[in-house]
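Here is the structure we will look at, set down as structure tokens.
The values are calculated or read from the model by the stated rules, or taken from the named source; none is laboratory data. Keep in mind that what you see is a predicted model, and the values were worked out from it rather than measured. Glycine gets a Cβ as well: all are built from the backbone with ideal geometry, and neighbour counts include every protein chain shown. When the accessible area is computed, the model is the full protein with side chains, heavy atoms only, and any ligands, DNA or RNA have been set aside. Shrake-Rupley method; radii C 1.70, N 1.55, O 1.52, S 1.80 Å.
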Amino acid sequence: MQLPRRRRGGANSAARRSTRALACTAAWTVLLIGTLTACGNDSPSTLSPAGPKSQLIATIWWALFGISVLVSALVIGAMLWAAFFRRGDTKVNQTSGKGIVLTLGAVIPAAILIATFGTSVGGIARNADPPSPTEMTIEITGNRWWWEVRYPEAGVVTANEIHIPVDTPVRLRLETDDVIHSFWVPELMPKQDLLPKRINHVWMSADEPGVYRGQCAEYCGAQHAHMAFHVVAEPSNEFEVWLAEQSEPAEKPDTELEREGLDVLQTSTCGTCHTVRGTSADGELGPDLTHVGSRSWLAAGAIPNDFGHMSGWVANSQTVKPGNLMPPQQLSPEELRAVVTYLQSLE
């Protein structure tokens, strides 16, 4: 009478194991779906390539993702098969499947890893140099916590906004003025670290017009998350117009309020840290403000560039980016209104 009870016990144990396997599979499925639903459409992604360098990264990623899905499906299928169709308490010869285990567990994974490694290294080598000669170099310097952008051939200096012509490779000269930063435009190019006392040369190209968000991808201090920038890709004729306008000195004030603002800028501490070409303001500690009114963002992408946000930033930038190097400005409401009006007119 004991034998039937052992058989029933073995069947119950197998059923419990099957239930646990199904519960585990369901939990992992729910976790995966929850993770995917957290992905937003507004965030820049390497899986939405808009340039030749990012296209290679996306291709390799999708290939690895497809392989991972296939392997995961095979493993989960094997688990379910073992849970539902196992042969009770029957013992299995442990040496009979060594060849299959060796092939599936070592030989095939090694071949896949070697193939993907070779593809990645080959892609890096192909993308080391642009497909056509670059006619323009942009110098970019990482600071605490903003980006200085220079077009040396045109004498243009701006900040946190990089304009490039569409479908034209441009060479980037990257360096840092303080700690390690990392220059990354997910939709256009891979990450490139900026190391102190070292200059890196890379190239970048955009296939179509648009505004592409970039980000410092190396933790660099308290405001690392607020060290963004934007790449504006535009047709060649529009880019040439922008570059010509940016190379000009600041326009003279048109109104009495703007003239008052210029006077405040030149006599306060603003002019000792910032440059406005065409005026006596020639500071070099902060971003060049010659055409600050034409920029879409302030504080390295932290706030939009409008009268209200700029007023708050000038009055006390520490409320927006605590720890940045710009101290609160001791300006009266009238002086603040005048200087912000002048700065907004610098387009």
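Just a few scattered comments:
- Residue list for the stretch 166-186, restricted to those being within 28 Å of E347 (Cα to Cα), open to solvent by 10 Å² or more (accessible area, probe 1.4 Å) and in contact (Cβ under 8 Å) with a residue 40 or more places away in the chain: V166, D167, T168, R171
- If you go through the stretch 93-145 and keep only what is under 30 Å from L172 (Cα atoms), part of a helix (DSSP H, G or I), touching a residue at least 40 places away in the same chain (Cβ under 8 Å) and not basic (K, R), you end up with T116, T119, S120, G123.
- Every pair of residues 6+ apart whose Cβ atoms lie under 6 Å, when the first sits in the stretch 324-347 and is within 15 Å of K252 (Cβ to Cβ) while the second is in a loop (DSSP other than H, G, I, E, B) and open to solvent by 70 Å² or more (accessible area, probe 1.4 Å): none
- Of the candidates R87, R144, the single residue that is charged (D, E, K, R), open to solvent by 60 Å² or more (accessible area, probe 1.4 Å) and at pLDDT below 90 is R87.
- Test result for L74, open to solvent by less than 90 Å² (accessible area, probe 1.4 Å), at pLDDT 80 or above and touching a helix residue (DSSP H, G or I) at 6+ places or on another chain (Cβ under 9 Å): no
- Just one of the numbered conditions (1) assigned to a loop (DSSP other than H, G, I, E, B); (2) acidic (D, E); (3) modelled with pLDDT of 95 or more is not true of D167: (3).
- Scanning the stretch 227-251 for residues that are open to solvent by 70 Å² or more (accessible area, probe 1.4 Å) and either at pLDDT 95 or above or part of a strand (DSSP E or B) (or both) yields a total of 6.
- Residue list for the stretch 147-165, restricted to those being more than 24 Å from H181 (Cα to Cα) and surrounded by fewer than 20 Cβ atoms within 10 Å (Cβ to Cβ): E153, A154, G155
Here's the yes/no breakdown for (1) open to solvent by less than 50 Å² (accessible area, probe 1.4 Å); (2) among the charged types (D, E, K, R); (3) in contact with a strand residue (DSSP E or B) (Cβ under 8 Å, 6 or more places away or on another chain):
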position	(1), (2), (3)
G293	yes, no, no
D306	no, yes, no
H309	no, no, yes
T319	no, no, no
G323	yes, no, no
L331	yes, no, no
E334	no, yes, no
V340	yes, no, no
S345	yes, no, no
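- Some residue of the stretch 265-285 being open to solvent by 60 Å² or more (accessible area, probe 1.4 Å), in contact with a helix residue (DSSP H, G or I) (Cβ under 7 Å, 6 or more places away or on another chain) and aliphatic (A, V, I, L, M): yes
- Residues within the stretch 42-69 that are in a helix (DSSP H, G or I), hydroxyl-bearing (S, T, Y) and within 18 Å of V185 (Cβ to Cβ), tallied: 2
- Whichever residue in the stretch 273-316 is without any contact (Cβ under 8 Å) to a residue 12 or more places away in the chain and not in a loop (DSSP other than H, G, I, E, B) and, among such residues, is farthest from the chain's Cα centre (by Cα): D282
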